[in-house]
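The values are calculated or read from the model by the stated rules, or taken from the named source; none is laboratory data. For clarity, every value in this text was computed on a predicted model and none was experimentally measured. FYI the Cβ positions are ideal-geometry reconstructions off the backbone, even for glycines, and counts take in every protein chain you see. Areas reflect the complete protein model, heavy atoms only, side chains present, ligands, DNA and RNA absent. Shrake-Rupley method; radii C 1.70, N 1.55, O 1.52, S 1.80 Å.
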Amino acid sequence: MIGYSRYGGFQPINRSMDYAAQELKKYSETAARRSKMGLEGDGAPPESFAALLKRADEFRASGESCGATDSIGIILRQMDEPQAGEKVTKTVFHNGVCVVVEKDYLRGNSITVGGSSNPNWIHVNTSVGTVHIDLNDIDSLMKCLDMFSPEDLNLILRKITEVRQCKDAIQEIDQLRNTPIRSAEDKEEQEKE
């Protein structure tokens, strides 16, 4: 097969060796040569493809996880399926916050984040189920943001913003209702004088 060279000519493409394989071959030859010479290390720069691949293999072999084992989606997959009329519940403590994940046959998935002595709950429908959030305990939600996908976070934060804007509008309407009454009373008092 003939490929186009950006330097003005056509040249054959060697399909038996791709770039990654060539880099690994160079890396293994360099590492073997260095070990024969008695030198320490493998000689690869830390940002090279081979060094990154080696670090990834070491990380996988160590058995550590990269933090995604406690996301809501993974927790839901690990839970048993509910039977009709029964719930399956799992309580998880993430960054010091109690998160209750519940699977219900009729109602679907329910995730409750935090809670306070005087709760003000909002309910957000997300891809993993209905998330119940206490507006009086936003700190708990902030500690658990890494458990949700970016799309779900967008929905949650939009709902919180929407609820707060509605509350501000209701307070403003109440203030406007009370203001004319006071001004009318003041006018009546001024007319009497």
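For first residues located in region 115-126 and more than 21 Å from LEU153 (Cα to Cα) and without any contact (Cβ under 8 Å) to a residue 40 or more places away in the chain, partners that are open to solvent by less than 40 Å² (accessible area, probe 1.4 Å) and among the polar types (S, T, N, Q) and lie 6+ apart or on another chain with Cβ distances below 7 Å do not occur. Looking at ASN125, ASN118, can you tell me which residue is open to solvent by 80 Å² or more (accessible area, probe 1.4 Å) and in contact with a Leu (Cβ under 9 Å, 6 or more places away or on another chain)? Matching residue, one of ASN125, ASN118: ASN125. Is one or more of the residues making up region 163-170 modelled with pLDDT under 85 and open to solvent by 100 Å² or more (accessible area, probe 1.4 Å)? No. The set of residues in region 80-105 that are aliphatic (A, V, I, L, M) and at pLDDT 85 or above comprises VAL88, VAL92, VAL97, VAL99, VAL100, VAL101. For region 154-168, the criterion of being among the polar types (S, T, N, Q), assigned to a helix (DSSP H, G or I) and over 22 Å from the mean Cα position of the chain (by Cα) is met by at least one residue.
Within region 64-77, residues that are on the phi < 0 side of the Ramachandran plot and in a loop (DSSP other than H, G, I, E, B) sit with their Cβ atoms under 8 Å from residues that are open to solvent by 50 Å² or more (accessible area, probe 1.4 Å) and modelled with pLDDT of 85 or more, at 6+ positions apart or across chains, in these pairs: SER71/ASP146.
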